[in-house]
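Worksheet: one structure, shown below.
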Amino acid sequence: MNEILQLIDAQLDELLPAETDNPTLLHAAMRYSVFSGGKRIRPVLCVAVCEALGGSVQDALVASCAIEILHTYTLIHDDLPAMDDDDMRRGKPSCHKKFNEATAILAGDALLTLAFEWLGGTGNVQPVVDLARASGSLGIIAGQQDDMTMKNSTPSKAQFLEMQRKKTAILFSVSCGIGARCAKAGNDQIAHAQLFGETLGRAFQLFDDLCDNDPVTMSVIGREETMKLAEKYKADSYNELSAFASEATQLRDIIDFTYSSFK
């Protein structure tokens with residue numbers, strides 16, 4: 001995993017505009033947010049799935065970087081005062097606190113746009129469609145809108161879990177699906193990769209809520225039920241690895257590491 005991380009970071013450093021490129025403030029904000037110390041779970045999954053299905057790291061490297069900067073854009077915008085209003089991200093000042101709100105908005109916009117430039121440059125059209133669908137008004141942005149709406153209402157359990165699917169799990173799912181496409185996998189393997197990512201993403205968010213004792217999750221679902229659901233999705237994610245046969249060792253190590261971070 002560390003080897004993949006180093007390759008992803010090196011590729012990101014090479015592809016992103018330098019801080020000295022005009023407009024310098026914008027590019028400094030973009031690089032600040034991208035290199036703020038995230039785990040890179042989504043791009044690592046993209047590369048690992050590609051390898052598990054017969055591809056190489058290089059086959060998925062640019063696509064994985066596109067996924068990471070799109071994820072970074074969602075975090076920048078999520079932290080804004082009009083959204084979650086978070087002053088800190090990963091132990092550092094949020095982009096809008098380090099720079100200013102206007103620059104943070106533009107940095108997020110630029111990263112979103114750049115993600116599709118990089119992905120389109122690979123010459124493989126379907127991952128562009130997949131990521132656009134996953135991140136648009138029926139995916140991540142829908143999840144963000146639902147999250148904002150729920151701040152002033154009492155959602156049902158089903159509504160809350162659907163919000164989490166769109167806001168979190170869908171990007172795990174599309175990351176794994178794109179990794180499978182980069183390996184030129186068949187449709188069945190792509191579907192299994194997407195479901196593996198979704199169940200991992202659902203479990204990830206629920207475990208994260210348990211660690212944070214998230215008041216909304218605890219109110220809507222309750223701690224005991226949240227734990228049961230998290231464990232169910234965790235088991236489902238391991239079960240989906242059967243589709244990768246003997247090549248699942250690295251993926252299993254990655255999800256073992258992911259889940260162990262919540263202990």
Once you place label points 7 Å from the Cα toward the Cβ at residue 6 and residue 100, how far apart are they in nm?
4.1
Describe numerically, in nm with one decimal, the distance between label points set 7 Å from Cα along Cα→Cβ at residue 216 and at residue 82.
1.8
Given the rule -39500 (n - 2.57) for each run of at least 4 DSSP H residues, summed and divided by the residues of the chain, what is its mean residue ellipticity at 222 nm, to the nearest 500 deg cm²/dmol?
-23000 deg cm²/dmol
Quickly rank 50-63, 176-189, 19-32 as a protection proxy: mean count of other C-beta atoms within 10 Å, highest first.
176-189, 50-63, 19-32
Taking 0.36 nm per residue of separation between residue 225 and residue 13 and subtracting their Cα-Cα distance, the length gained on full extension comes to 72.1 nm
At 0.36 nm per residue, minus the direct Cα-Cα distance, what do residue 125 and residue 35 gain on full extension? Give it in nm, one decimal, please.
29.6 nm
Shape parameters for the stretch 35-164, alpha-carbon atoms, Rg then Dmax in Å
16.1, 47
Contact order normalised by residue count of the chain, Cα under 8 Å, 6+ apart, percent:
19
What number, in percent, do you get for the relative contact order of the stretch 1-129 if the mean sequence gap of Cα pairs under 8 Å and at least 6 apart is divided by its residue count?
26
Value of relative contact order over the stretch 55-187, rounded to a whole percent, pairs C-alpha under 8 Å and six or more apart
29
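Only the coordinates and a few stated rules stand behind these numbers; no lab work does. Everything numeric here is computed off the predicted structure, so don't read it as measured data. Cβ atoms come from the backbone with ideal geometry, glycine included; neighbour counts cover every protein chain shown.
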